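Worksheet for the structure shown next.
The values are calculated or read from the model by the stated rules, or taken from the named source; none is laboratory data. A quick note: this is a predicted structure, and the numbers were derived from the prediction, not measured. Neighbour counts are summed over all protein chains in view; Cβ atoms, including those assigned to glycine, are modelled from backbone coordinates with ideal geometry. For accessibility, only protein heavy atoms count, side chains too; no ligands or nucleic acids. Shrake-Rupley method; radii C 1.70, N 1.55, O 1.52, S 1.80 Å.
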2 protein chains.
Amino acid sequence: MSLEPLFKPRSIAIVGASRNREKVGNVIFRNVTSSFRGKVYPVNDKAETIEGVKAYRSLREIQDQPDLAIIAVPRDFVLNVLEDAGASGVKGAIVITSGFREVGGEGVRLEAQLVSKAKSLGIRFLGPNTMGLLTPDYNGTFAFADVRRGDIALVVQSGGIGAYMLNWAQRSRIGISYLVSLGNQADVKEYEIIEYLSRDPETRAIFVYIEGVSDGKSFLEVLPEATSRKPVVFIKGGATSQSAEAVMTHTGSLAGSYDVFKTAIRTVGGMFVENLKDFLNLSKLISSSEPIREEVLIITNSGGHGVLTLDAIVRAGLSQIQIPERLKVQLSKILPPTSLPKNPLDLSGDAGRERYLNALKVVGDLDCTKLVVVESLPFLSCTEVAKAMLSFKGKGIVGVLMGYDEDSASRILESASIPAFNFPEEAVSAIKHLVSRPTPRRKIRVSQPISSAMEIVKGKKVLSDIDSLKLMELYGIRTPRWGVAQDQEDAQRIADSIGYPVVMKISTDEPVHKTELKGVFMNVEANQVREVYSQLSKLSGRVMIQEQLSGLEVFVGGILDPLFGHTVLTGPGGIYVEVLRNVSYGLSPVYEDEAFQMLKESKLHDMLTVRKRGYDEGSLVRTISTVSRLIVDLNVAQLDINPLIVNERGSFAVDVRVVLNR
Amino acid sequence: MSLEPLFKPRSIAIVGASRNREKVGNVIFRNVTSSFRGKVYPVNDKAETIEGVKAYRSLREIQDQPDLAIIAVPRDFVLNVLEDAGASGVKGAIVITSGFREVGGEGVRLEAQLVSKAKSLGIRFLGPNTMGLLTPDYNGTFAFADVRRGDIALVVQSGGIGAYMLNWAQRSRIGISYLVSLGNQADVKEYEIIEYLSRDPETRAIFVYIEGVSDGKSFLEVLPEATSRKPVVFIKGGATSQSAEAVMTHTGSLAGSYDVFKTAIRTVGGMFVENLKDFLNLSKLISSSEPIREEVLIITNSGGHGVLTLDAIVRAGLSQIQIPERLKVQLSKILPPTSLPKNPLDLSGDAGRERYLNALKVVGDLDCTKLVVVESLPFLSCTEVAKAMLSFKGKGIVGVLMGYDEDSASRILESASIPAFNFPEEAVSAIKHLVSRPTPRRKIRVSQPISSAMEIVKGKKVLSDIDSLKLMELYGIRTPRWGVAQDQEDAQRIADSIGYPVVMKISTDEPVHKTELKGVFMNVEANQVREVYSQLSKLSGRVMIQEQLSGLEVFVGGILDPLFGHTVLTGPGGIYVEVLRNVSYGLSPVYEDEAFQMLKESKLHDMLTVRKRGYDEGSLVRTISTVSRLIVDLNVAQLDINPLIVNERGSFAVDVRVVLNR
């Protein structure tokens, strides 16, 4: 069913519209009437009029069929109001009322009833527990009415954050097209909203504050197309385990692993920021029309500010553009004799508005971001420079205004849609985010299990080490030569055929920490095999003998994320798994270019290629990609290859553990 | 000679005082006369009066002996003015004029003349190329005159940064005691200024923007005492190699390695921040009198804001205090039924001023930082909460004010010296810095070289691998058993006596990359020694045979930093040196507790102790400490132990290279 009745209603009823100006139901009524051009019907079972408008006792009394009902009645009446709405031909609803799933117990039951009732009536609804919806046509929220209109859409899973962002946008002169307060997402989900807004011609970019997604599978399916239409920026509340707990009680969402979440956002082409300040600053940059490049030229009147700005640029991994010689000649004519025409371009403390403008004209055609950093001095105010920037007709300018008149100077730039910041590091961080926008990938999880692999896992929850190794081989992942010995004779025969030295270790059905049990012997030579066998056989009835390989120890794992499904992990293996925690993630299926990117992120790429040692990186890329499909095919809950040894000859799974999702 | 004539003059002459209000010499004259209670003499060789005050043609014409001369004449006249100053009994000078060392060439020569002239005349001077000096007694700068007075001192190596910080302090209602613009530090150095201010009763904390220090040795000697008197906070411009280049042309300072710089600041007990925003925010926190604890309680009216604030706290490594049960009971009475008395304490969107105040009263005695996060809503403004915070009589409160009236609410808190921020992450970052203030350490570099070690290095620049190993042994650092073979027979004999397997490698006088030359064989068994010897002898006349050890490969190095002298480095060794770059630094001499701290920072501590493998961490601590003394004793320019193998038995230097400072 379409979301049109929510976003483009022709008439709106406000149920629970109140005469008391302190009440939510009154604030919403006033916000709607002051913004909406269509017909508005207040519904209140006790009042004759609301704010001078004739009120109705119930939705059923309204002769017209309102498209949308905004419901702000006490919790226990919501279900009845929904019933009335269905009877009156209402097609969309916004349930402001709280006290549902987020409070647990009875609330959970009532929310389920809402959902099934709405479904049977053919009504789509936002909420419950929402602050409402603001569109270019109407303000159906109880937030401040005074909102600057523009083309940035906000989607928030916290009413408080939504209200705050409206405020912030107002103060920063950023225009808003929509504010969608998601509430509990009992019916309408965040991915539907994002999808709708991505098609909306009045929206340039979508900013999303989210704590957990409602349905990872749909999210992964819908988002890639949305993000390819326009920028979608995410911030996640509940980044850490402690605050994930706060999230649970806050909106009742399931907050998944932060790292997997970040990976999912990147995979679908979303931009991801870590804190509110970055989120807001990025909106400044995106809402302007300036073309932003990764190469930056700093233009300043203070050497110290130039130095600190360059520090920020280098730290963020942006580039410092070199000024071409021909422009240097021109700049020299503008600069005082003691200043050099270089980047940062220090116009010197005695620079005035003219010198800024002349410098901008010289560098105007350079294909780079011109970061104009100005420190207000008795000789030059930020406002003067802001005016110079306005006179400049070139593109790609960003202001960093620092000093007593920074606020008024910011207003001048913002009125011309030139982004303005007050600290170099904030501008730089926003630029970095914008130029690093990822490419969306669609993840199609086609399961094509190998039948012999299905045989191995059939009826099992946990695979033995032997079965796990066999599974690897069936999927084309190499293992060191290995065998399992039943007695000393057998052990000697197997070891002889493998070649020395060998590794001997206990073989088990359940995952155990073999090293801690002293169940692993390395560097076993021919004359030691029997003795080692007899020691190991005291610990376990089965002894495995393996070819001893040297190379880099890598960890490759798989998990079943509760939100985003099967996910592959990789990083330095052995003890480094626990110590370094340089782990990178990829959602199944991981394509080979993505696997290579994972190696770069986890530093494995550097480890494999350092000192030109020629380790076979391609084999690791293929292994990661294979594991990403294997865990889907067989519905694996957890998989550990640790270590996978990578050397000149390829990648070899030495120890493997598989737990199935049963 | 004392700095008193600069900081506490009884009379001031301004040489180059100008009638033109656009000129620096005029601005300074006005700033001094409007602030200083003592006698002020304008000196101008053409004017009769300046701003209505009788002017003198030269310092020599003044009958009185001014204590201080502020000099703002063209560069080529400065030397003569200094001469006049000496003749008139002036004891201190501030040389505003620029065009000296910072422009190179002739400027360098002129600056050297200034220094020797001042020395012979017994005059201490600040600058040249300085924006001037602001004290509680007078404003001898050409910055804005309107400065809020208080107890924060600013010391800056960039006039632009100084002017900006004055502005910022003004807007943030932070009171300033001193602003010292260091200029080129031809005479008076930053450590002298910091030392002076650390004894000044009117200064509570010192904030220093620095690009490079003038004299690392004196800095290390003087600072520990200064930082133990009051907080000294540093920010360094030129953090990165690219901007270090900008620094060179900016003030002509030598920007040392950023990592060593940070280590030096921490060693002397200074606080170090990475960007300007953190620097300024920390000044907000320090200039208030609130006791700040590492344990934080979040009190908010928005669940989303609570979640994001907790994310910031966990990321910064601060602690989240648990609310005691007895207080939970009391809080439950204040909170609406759907809110739980936990941390973050969500007072809910309908909270008013009263609820904030009541909550603060309940938690008031908890020994923690109370972070009051407020989002302005139609029902509650930030200003209301700021007033509630003022009524609260308890300690340790910090405001995070977010919304339409955040600025006016900030003013209310700041007027009561309660710190106010606009983003949770900014408050959290400032708190983290404040609670992590390091303890100053005094570094006394007593050189006590061992005479036999002196013998080895005598007359050499680069030590051979053999001499390097011997040096280790003389200093009590263990090495694997080793020997150097002259022929096959010899090799077999040595290897037999060491025990198998052994490592065989080429032995050289100069440092070479033995592995890349294929000059290293591991796992050599008895029957392979002769063959390996014959291969290696083709590469080098000398072959070294070593006991093969297993354990963790560690890197321990030493450098001679141009600013701060001998410095020890450590981190994961072998290939990980280049890949992980988890390097930690310590200034010589490194005491054992510091060495242990270095192991924690570089993750070596985790690597040594993971899975309880019982590696001898103490031996590594002792090795680091020993190396830190050895490099001083022998005046080493570069020392590399890579790898040092650490295992259950101790630490063993396997490959060592030493280059002396000649």
DSSP-defined beta bridges in the protein assembly as shown - what % are antiparallel, rounded to 5: 50 percent
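Could you give the size of the charge dipole of region A:4-133 about its Cα centre, using +1 on the Cβ of each K and R and -1 on the Cβ of each D and E, expressed in debye and rounded to the nearest 20?
On the way: 19 positive and 14 negative charges, 55 e Å.
My answer is approximately 260 debye.
I need to check one value: relative contact order of chain B, counting alpha carbon pairs closer than 8 Å and at least 6 residues apart, in percent.
Working: 1457 pairs, mean separation 55.7, N = 662.
For chain B, the relative contact order is 8 percent.
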Do any of A:277/A:432; A:333/A:361; A:236/A:262; A:518/A:538 go past 18 Å between their Cα atoms, and which? none
Using 7 Å Cα-to-Cβ label points, what is the residue A:54/residue A:616 separation (nm, one decimal)? 8.4 nm
Work out the mean other chain Cβ neighbour count within 10 Å for the residues of A:310-323 and drop it here as an integer. 4
Excluding residue B:382 itself, calculate the net charge of residues whose Cβ lies under 11 Å from the Cβ of residue B:382, where each Lys or Arg counts +1 and each Asp or Glu counts -1. -2
Pull up the cross-link candidates among the lysines for residue B:39, meaning alpha carbon to alpha carbon under 24 Å and not fewer than 8 places away within one chain. B:8, B:23, B:54, B:91
Can you give the mean number of other chain Cβ atoms that lie within 10 Å of the Cβ atoms in peptide A:152-165? 5
Regression test value, accessible area per residue of the protein assembly as shown, probe 1.4 Å, units Å², expected 37 Å²
Between residue A:591 and residue A:487, how many nm apart are label points set 7 Å from Cα along the C-beta direction? 5.7 nm
Summing Lys, Arg as +1 and Asp, Glu as -1, what charge do residues with Cβ under 11 Å from the Cβ of residue B:357 carry, residue B:357 excluded? +3
For the pairing of chain A with chain B, what total accessible surface becomes buried, with a 1.4 angstrom probe, in square angstrom to the nearest 100? 6500 Å²
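May I ask you to give the percent of accessible area on chain B that is carbon plus sulfur, with a probe radius of 1.4 Å?
Numbers: 12040 of 24740 Å².
Roughly 49 percent, rounded to a whole number.
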Honestly the protein assembly as shown on the Cα gyration tensor test (a ≥ b ≥ c root eigenvalues; a/c under 1.5 rounded, otherwise a/b vs b/c for prolate or oblate) is just oblate
Rounded to the nearest 10 Å², what accessible area does residue A:177 show when all protein chains are kept and the probe is 1.4 Å? 0 Å²
What are the label-to-label distances in nm, one decimal and shortest first, from residue A:535 to the same spot in the other copies, with labels 7 Å along Cα to Cβ? 3.0
Restricting to Cα pairs below 8 Å that are 6+ residues apart, what does the relative contact order work out to for region A:195-236? Please round to a whole percent. 56 percent
Cross-link candidates for residue A:603: which aspartates and glutamates have Cα within less than 12 Å, leaving aside residues fewer than 8 places away along the same chain? B:578
Put the label 7 Å from Cα along Cα→Cβ for residue A:259; what are its distances to the other copies, in nanometres, shortest first? 2.4
What does the charge dipole of chain B about its Cα centre add up to, to the nearest 20 debye, if the Cβ of each Lys and Arg holds +1 and the Cβ of each Asp and Glu holds -1? 1260 debye
What residue of chain A has the nearest C-beta to the axis that moves A onto B, and what is that distance in Å, given as a whole number? A:580, 4
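State the extension gain, in nm to one decimal, for the chain segment bounded by residue B:225 and residue B:523, taking 0.36 nm per residue of separation less the distance between their alpha-carbons.
Values: separation 298, 0.36 × 298 = 107.28 nm, distance 5.40 nm.
Difference between extended and current length: 101.9 nm.
Just to make sure I understand: if all protein chains stay in place, what is the order of B:195, B:648, A:211 by accessible area at 1.4 Å, largest first?
Numbers: B:195 50, B:648 115, A:211 0 Å².
Result, largest first: B:648, B:195, A:211.
Summing Lys, Arg as +1 and Asp, Glu as -1, what charge do residues with Cβ under 10 Å from the Cβ of residue A:577 carry, residue A:577 excluded? List each step's numbers first, then the result.
Values: positive: A:581; negative: A:553, A:578, A:640.
Surrounding charge for residue A:577 is -2.
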Which shape class, rounded, prolate or oblate, goes with chain A when its Cα gyration tensor gives a ≥ b ≥ c as root eigenvalues, a/c under 1.5 marks rounded, and past that a/b bigger than b/c marks prolate? oblate
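Considering Cα pairs under 8 angstrom that are at least six residues apart, work out the relative contact order of region B:481-548 and quote it in whole percent. All intermediate terms of the calculation are to be shown ahead of the outcome.
On the way: 127 pairs, mean separation 34.4, N = 68.
Contact order relative to length: 51 percent.
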Report residue B:325's accessible area, 1.4 Å probe, all protein chains in place, as a number in Å² to the nearest 10. 130 Å²
Rounded, prolate or oblate: pick one for region A:552-660, where a ≥ b ≥ c are the square roots of the eigenvalues of its C-alpha gyration tensor, a/c under 1.5 means rounded, and failing that, prolate if a/b is larger than b/c, else oblate. prolate
How big is the dipole moment of the protein assembly as shown about its Cα centre under a simple scheme where the beta carbon of each Lys and Arg is +1, that of each Asp and Glu is -1, and everything else is neutral? Debye, nearest 20, please. 1920 debye
For residue B:470, list the lysines whose Cα falls under 20 Å from its own Cα; do not include residues on the same chain fewer than 8 positions away. B:458, B:460, B:461, B:505, B:514
Shortest first and in nm with one decimal, please list how far the residue B:364 label point sits from its counterparts in the other copies (point 7 Å along Cα→Cβ). 6.4
